[in-house]
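Here's the structure, in structure tokens; my notes come after.
Derivation of every value follows stated rules applied to the coordinates shown; laboratory data play no part. As the structure is a prediction and not an experimental result, all values here were calculated from the model. Cβ coordinates were reconstructed from backbone atoms using ideal geometry, including for glycine residues, and neighbour counts include every protein chain displayed.
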Amino acid sequence: MAKPDTIIIDGHARSWRQLCELRRQQLDAWREAEPQQPVLFDLKEGHRPAAERSAVGRYREPTFLALMVESEPG
């Protein structure tokens, strides 16, 4: 038995291929109508040491305060 090319919706026979094409057109129109948000600023790569890339690492190894204490005279 061959696969039927139609699907019955609300008592009406519809072509499956035609429904798929209409859905593709509907999605394309939706994507085109959806507004694009402009970029506010360029994304830059972070250059932190590995321990400072997470909050846990910064808590465990507080380098900022250590640097302040080292740079104080006396």
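Points to keep in mind about this one:
- Ellipticity estimate at 222 nm from DSSP helix runs (n ≥ 4, -39,500 (n - 2.57)) divided over the chain, nearest 500: -13500 deg cm²/dmol
- Spacing of the two label points (7 Å from each Cα toward its C-beta) at F41 and Y59, in nm: 2.6 nm
- Residues with amide H under 5 Å from that of E61, placed H, sequence gap 5 or more: none
- Full-stretch length increase - I9, A50 - with 0.36 nm per residue and alpha-carbon distance subtracted: 8.9 nm
- About the Cα centre, charge dipole magnitude for the chain (Lys/Arg +1, Asp/Glu -1 at Cβ), debye: 420 debye
- The gain in end-to-end length when the R24 to A2 segment is fully stretched comes to 5.4 nm, 0.36 nm per residue minus the alpha carbon separation.
- Angle of helix 16-33 to the longest C-alpha principal axis of the chain, folded into 0 to 90 degrees and rounded to 10: 40°.
- Taking amide H as placed 1.01 Å from N in the peptide plane, T6 has its amide H under 5 Å from the amide H of W16, each at least 5 places away in sequence or on another chain.
- Dividing the convex hull volume of the alpha-carbon atoms in the chain by its residue count gives 265 Å³ per residue.
- Furthest towards positive pole of dipole, C20, G57, P4, structure part the chain, Cβ charges: P4
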